[in-house]
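The values are calculated or read from the model by the stated rules, or taken from the named source; none is laboratory data. Being a predicted model, the structure only gives us computed values, none of them experimental. Backbone-built Cβ (ideal geometry, glycine too); neighbour counts: all protein chains shown.
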Ligand code: TA6
């Protein structure tokens, strides 16, 4: 079932019998909680405001139409005036009538889906920052062990003169971990990556080994692709973790944790919060997609609790 809670600011999806739940803040269509049973799988800073006054530090912020500062990207034509990480994560989305809130997914598993919509027409002044009209539809589907998000990006310009819409998109997943000092990530071996702890443009390196051990050192790496079949986050000695799959049209994967020194400057991150999450972020974050008017690009990811 789907209910609106907290003064209709949050859409809550639940499977019967407390099997799983997810909370989606309409501000940014940000999944701020995903529970498998009673186990919370996403991180949410205790100091992040949820009243729409600032971007959310946690959950799954949606990054569109640019990842990071536009100035990080050489061929950022048309994106120069778009704010860091874009406009979707700080916009007020609408809850759409649900296709099938309670049903079965393609695999016959019990599922619940909520859909959200954002139109560029809902963003006053957007055309001074971003010239292309767009419609976004975001589906969040819960099954007993999975959370699937699908972002449908439509270039809705009806004017004949419109050049292809240029954009990036990414799910900025803040994944809860028992300790960010003893996690590991598998599935990215062999991929070149931009090490952004070494300046904004990053230095091209390739990881020597799998798994990548996160041991409390700062990490800010953009793995360039191709889209890996599976990325696995292991929590470390106590076992457990998450698996991530995504559509092949979003080949990059960002792995980020600020570590203690980076966290010191983040006023919306509670004390020690950097030890409680790893960001593993699939997306199109290197180079720009180009979408003809009337066309739709769909970016899907599935997180699975193991
Ligand atoms: O996803 C990695 C990153 O680009 C990091 O460089 C760090 O800045 C993070 O995003 C958080 O960005 P934000 O603007 O939400 O503080």
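Points to keep in mind about this one:
- Looking across segment 3-32, the residues that are surrounded by fewer than 18 Cβ atoms within 10 Å (Cβ to Cβ) and assigned to a strand (DSSP E or B) come down to 3, 4, 5, 12.
- Checking 45, 53, 33 one by one, the residue that is over 18 Å from the mean Cα position of the chain (by Cα), modelled with pLDDT of 95 or more and under 18 Å from residue 268 (Cβ atoms) is 53 and no other.
- Restricting 276, 289, 281 to those that are farther than 23 Å from residue 242 by Cβ and out of contact with any helix residue (DSSP H, G or I) (no Cβ under 8 Å at 6 or more places or on another chain) reduces the list to 289.
- One residue from 108, 78, 68, 52 being within 14 Å of the ligand (Cβ to nearest atom) and assigned to a loop (DSSP other than H, G, I, E, B): 68
- Among the residues examined, residue 82 does not qualify as within 17 Å of residue 301 (Cα to Cα) and at pLDDT 95 or above.
- Exactly one residue among 269, 303 is within 12 Å of residue 231 (Cβ to Cβ) and at pLDDT 95 or above, and that residue is 303.
- Annotation: of all residues in segment 87-105 being in contact with a helix residue (DSSP H, G or I) (Cβ under 9 Å, 6 or more places away or on another chain) and modelled with pLDDT of 95 or more, the one that is farthest from the ligand (Cβ to nearest atom) is 94.
- Qualifying residue in segment 98-106 (condition: under 14 Å from the mean Cα position of the chain (by Cα) and farther than 30 Å from residue 258 by Cβ): no
- Residue within segment 55-64 that is more than 15 Å from the ligand (Cβ to nearest atom) and either in contact (Cβ under 8 Å) with a residue 12 or more places away in the chain or over 27 Å from residue 302 (Cβ atoms) (or both) present: no
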